[in-house]
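Asker: Have a look at the structure that comes next, please.
The values are calculated or read from the model by the stated rules, or taken from the named source; none is laboratory data. On a predicted model such as this, the values are computed, not experimentally measured, just so you know. We place every Cβ from the backbone using ideal geometry, glycine too, and count neighbours over all the protein chains shown. Remember, those area values only see protein heavy atoms, side chains included, never the ligands or the DNA or RNA. Shrake-Rupley method; radii C 1.70, N 1.55, O 1.52, S 1.80 Å.
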Amino acid sequence: MASSLLALIDDIATILDDVAVLTKVAAKKTTGVLGDDLALNAQQVSGVAADRELPVVWAVAKGSALNKAILVPLALAISAFAPWAVTPLLMIGGAFLCFEGFEKLAHKFLHSKAEDDAHHQQLVDALSDPKVDLVQVEKDKVKGAIRTDFILSAEIIAITLGTVADKPFATQFTVLTGIAIIMTIGVYGLVAGIVKLDDAGLYLSRAQGEGGWAGFKRGLGAGILRAAPYLMRLLSVAGTAAMFLVGGGILTHGIPAVHHFIEATAANWGGVAGAVAPTLLDGVFGIVAGAVVLAVVTLVGKVWPKRKGATAD
């Protein structure tokens, strides 16, 4: 009995060690989605009254938890009953990441700053209009953020499932659940901090009193207010770049010929260049793949309404 107990403890320790390693790997692979998730959700609550920002973030966080409560069992069912579907789902998720990233680039270069400023002003005018139902606006923002979170959560769960697809059920369940909890708490904890960053800066910048400490607080507050917009921009840029790197990496690993070409190229380059070559080439492949998917989606979007209209006639 004692030996059986020791064997059980050893098995549990081994499983936990595997889970810890796999969770780290999965978390590293989902970094691209995490960066984009942060930027998107922080932007989703922009335009909401300051005293309603945290309740909105909390509402979206609860929706995100529900999304993952649906996605984790679904992922486990796929792994158990249709393991052949894991790779295609990963490829779809990788292609979608690249598509989202390239769509952002296309918007950046195809839309002028004046157009973006005009759109922002329309939102500001709408929010200042007394006829606008601000409660409904808030509900719409929450629904939109939860829909966005569902897509990003599906990508995170799919990437994680690909990491643990060949592991025992207990390991799969633990890693998927752990990633779901960590990502939900991490993302929305950081989003809450980001959206209240300007309030913290404003509070510090209004510090009363004389002396070095009060002056330091006012200077720190002013610095936070100046840095907050750049932080959002940095998150957006980093998130977009990571989407190409992660999405491209998923696609290249799913296409043996491309994966072998990248490995051979890295081996030929050697040194530092060889070490960074796989990541860079994954990113380049992700950009190309994103452009192709965007072109196909745009073409289908133009053709489909015409065919639908012709069928209706």
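Asker: Roughly to the nearest percent, how much of the accessible area of segment 170-313 is carbon and sulfur, given a 1.4 Å probe?
Answerer: Whole-percent figure for carbon plus sulfur exposure: 73.
Asker: What ³J(HN,Hα) values, in whole Hz, does the Karplus curve 6.51 cos²θ - 1.76 cosθ + 1.60 give for segment 71-85 when θ = phi - 60°, with x put for Gly and Pro?
Answerer: Whole-Hz 3J(HN,Hα) from phi for segment 71-85: 6, 5, x, 5, 5, 5, 5, 4, 5, 7, 10, 9, x, 5, 7.
Asker: Taking the alpha-carbon centroid of each part, what is the distance from segment 206-223 to segment 147-165 in angstrom?
Answerer: That distance is 44 Å.
Asker: Under 12 Å from the Cβ of GLY221, count the other residues' Cβ atoms, weight Lys and Arg +1, Asp and Glu -1, and hand me the total.
Answerer: +2
Asker: Something else: Is the shape of segment 160-313 rounded, prolate or oblate, going by the alpha carbon gyration tensor and its root eigenvalues a ≥ b ≥ c, with a/c under 1.5 for rounded and a/b larger than b/c for prolate?
Answerer: Prolate, since a/c reaches 1.5 and a/b exceeds b/c.
Asker: Still on this structure: Would you rank GLU263, GLU100 by solvent-accessible area, highest first, keeping every protein chain in place and using a 1.4 Å probe?
Answerer: Ranked from most to least accessible, the order is GLU263, GLU100.
Asker: Sort ILE157, ILE92 from largest to smallest accessible area, using a 1.4 Å probe on the heavy atoms of the protein chains.
Answerer: ILE92, ILE157
Asker: Still on this structure, I have one more. If I take R0 = 41 Å and measure r between the Cβ atoms of VAL288 and ALA214 in this structure, what FRET efficiency does the formula 1/(1 + (r/R0)^6) give, to the nearest 0.05?
Answerer: In this case the efficiency is close to 0.15.
Asker: Please tell me which of these pairs span more than 31 angstrom C-alpha to C-alpha: LYS139/LYS167; LYS104/LYS143; LYS139/LYS196; LYS196/LYS302?
Answerer: Listed pairs above 31 Å: LYS139/LYS167; LYS196/LYS302.
Asker: Taking loop as defined by DSSP and a crowding limit of 11 other beta carbons within 10 Å, which trypsin sites (Lys or Arg not before Pro) in segment 174-218 fit?
Answerer: ARG206
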